[in-house]
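The block underneath contains the structure these notes are about, expressed in C-alpha cells.
Rule-based calculations on the coordinates, nothing more; no lab input. These numbers were taken from a predicted model, which means no experiment stands behind them. A quick note on method: Cβ atoms are made from the backbone with ideal geometry, for glycine too, and the neighbour counts reach across all protein chains shown.
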Amino acid sequence: MTPPGPSPSVHVRSAGSALPGEPVDNTALAAALGVNEEWIDVFIGTRTRHFARDLTSGDIRWTLADLCADAAANALENSGTDPAEVEFLVLGTATPDHLMPATVNQVADQLGLDQLPTYQLQSGCAGAVQALSVAQYLIGSGEFTTGLAIGGDVCTKHLDLRRDLSEAAPGDLVNCVLFGDGAGAAVLGSRPGDRAVALRRVLNRCTGLGREPGQIIDWFGLADRDEPRQALIEDYKAIEESVPTMAVEILWELLDSLGWAAGDLDFLLPPQLSGRMTRLITEQLGVPEAREISCVADTGNNGNALPFLQLERLLREMTSGQKALAVAVESSKWIKAGFALEHL
C-alpha cells in the first residue's frame with residue numbers, strides 16, 4: 001500500500017521531554033544488579049539511563065502519567081501554546097500505568113484538559129510514530145487545528161531487583177540493562193509555530209506475517225499472576241539481525257515516496273536500541289552527510305519516549321530549507337515506522 005501523500009498543512013510546532021530523577025550510570029546499575037560493569041559498557045554501549053522507580057527500594061517515584069504530563073507541558077511551553085488550545089491527545093506506550101483507566105486520560109487530567117477526544121495506542125517502539133500518524137490524520141482532516149502526540153514508557157516495572165542475575169545468560173541480562181524510563185511529546189497544528197517545520201510523511205506498517213515476535217511483554221490477571229513465567233521476553237539475536245536491515249528499507253522507502261535523495265538529508269534520527277546498536281545501524285544506513293540525532297547512550301532505551309527526545313533535539317538545530325528523516329523499528333511483531341520533516 002502506498003503511504004498517503006505529503007501533508008504540508010500539518011506542522012510540528014514544538015517538542016518536550018521528561019526524564020525521571022538523576023541519571024543512573026553503569027557503576028550504580030552493575031552494583032544494584034550484581035552484574036559486570038564492563039559488560040554493560042562494551043556489549044550495550046549505554047552510559048546512563050533514568051528510572052521512575054527507586055533503584056534500591058523499588059518504590060515508584062513517577063508514574064507514566066506523571067512523566068507524560070510533564071513532557072506535554074514542556075512541549076506546550078516550548079511553543080507558547082495555551083493548554084486550552086489543545087483539541088485532542090494521542091498517547092503511544094507499551095507500559096501503561098493501568099489497563100483502565102487509560103493512561104492518556106490521567107495525562108489529560110493532570111494537564112487540566114476535559115471535553116476532548118483522547119486516544120491510547122498500545123505499541124512498543126513504533127507507538128510514538130503511530131501517535132504522530134493519528135495526529136497527522138486528525139489535523140489533516142480539517143476537523144482539528146491543534147493536538148498533542150505523546151510517547152512514553154516506564155520499563156523498570158519489569159526490572160526485578162530481588163532476582164539473582166549472577167548466573168543469567170547474556171540474552172536474559174540484556175533486558176535488565178538496556179532500558180530506561182521517560183516520556184516525550186510534540187505539539188502539532190495546522191499552522192506553523194515559530195519554526196515552520198512540516199510533517200511531510202509518516203510511515204507505519206506491520207510486516208511480521210508468519211514471523212515469531214522479537215519481543216513479548218506479558219501481563220497478569222488475578223487468575224495467572226502467580227505463574228512462574230517471565231513478563232518480558234526478548235530475542236535479542238533476532239533483533240540484532242533484523243533491525244538494521246529493516247532500518248535501511250524504511251529509510252529508502254521514505255526517501256523514494258518523497259522524491260528525496262539521500263544527499264538531501266540534513267539530519268538523520270536512527271532507531272534507538274542501545275548505544276552500541278545505534279552506532280552500528282547508523283553506519284549501515286549509509287548517509288554520512290546527514291547529522292545524526294541520537295540520545296539513547298545517555299537516556300537508555302525508554303521506548304516510545306525516544307523519537308520525541310530525538311525530535312526535541314532536532315528542532316533546536318533545524319533551520320530554513322533543511323530536511324530530516326526519522327527511522328523506528330518495533331521488534332515485537334516487526335513494525336516498520338518513520339517520519340520525514342522539512343523546515344520551510
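Annotations for the structure displayed:
- Segment 20-75, Rg to Rh (Cα coordinates; Rh as Kirkwood inverse mean 1/r): 1.07
- Helix-only CD estimate at 222 nm, as mean residue ellipticity for the chain, using -39500 (n - 2.57) per DSSP H run (n ≥ 4): -9500 deg cm²/dmol
- Equivalent-ellipsoid semi-axes of the chain, from the Cα gyration tensor, Å, largest first: 31, 24, 18
- Net charge of the neighbourhood of Arg13, taken over other residues with C-beta under 11 Å away and scored Lys/Arg +1, Asp/Glu -1, is 0.
- The largest-to-smallest principal axis extents of the Cα set in segment 266-331 are 33, 24, 20 Å.
- Rounded tilt (10° steps) of 236-258 against the dominant C-alpha axis of the chain: 0
- Choice from Gly152, Gly259, Gly58 with maximal GNM fluctuation in the chain (Cα, 10 Å cutoff): Gly259
- Of interest is the spacing of the C-alpha centroids, which for segment 57-78 and segment 264-286 amounts to 27 Å.
- Inverse of mean 1/r across different Cα pairs in segment 11-189, Kirkwood, Å: 17.1
- Neighbour counts of C-beta atoms inside 10 Å place Ser294, Ser141 in the sequence Ser141, Ser294, starting with the fewest.
- Segment 234-307: radius of gyration over Cα atoms, expressed as a fraction of 2.2 N^0.38 Å: 1.11
- Gain upon complete extension [Ser190, Asp298; 0.36 nm per residue less C-alpha separation]: 35.5 nm
- Among Thr56, Thr245, Thr27, residue whose mean-square fluctuation peaks in a GNM of the chain (springs only between Cα atoms under 10 Å): Thr56
- Legend: Rg and Dmax of segment 1-114, from Cα coordinates, 18.4, 52 Å.
- Whole-number percent relative contact order across the chain, with pairs defined as alpha carbons under 8 Å at least 6 apart: 27
- Counting 0.36 nm for each residue step from Thr319 to Leu99 and taking away their Cα separation leaves a gain of 75.1 nm.
- To the nearest ten degrees, helix 275-285 and the longest principal axis of the Cα atoms of the chain are 40 degrees apart.
- Diffusion coefficient, µm² s⁻¹, Stokes-Einstein with Kirkwood Rh over alpha-carbon pairs of segment 197-343 at 4 °C and 1.567 mPa s: 80
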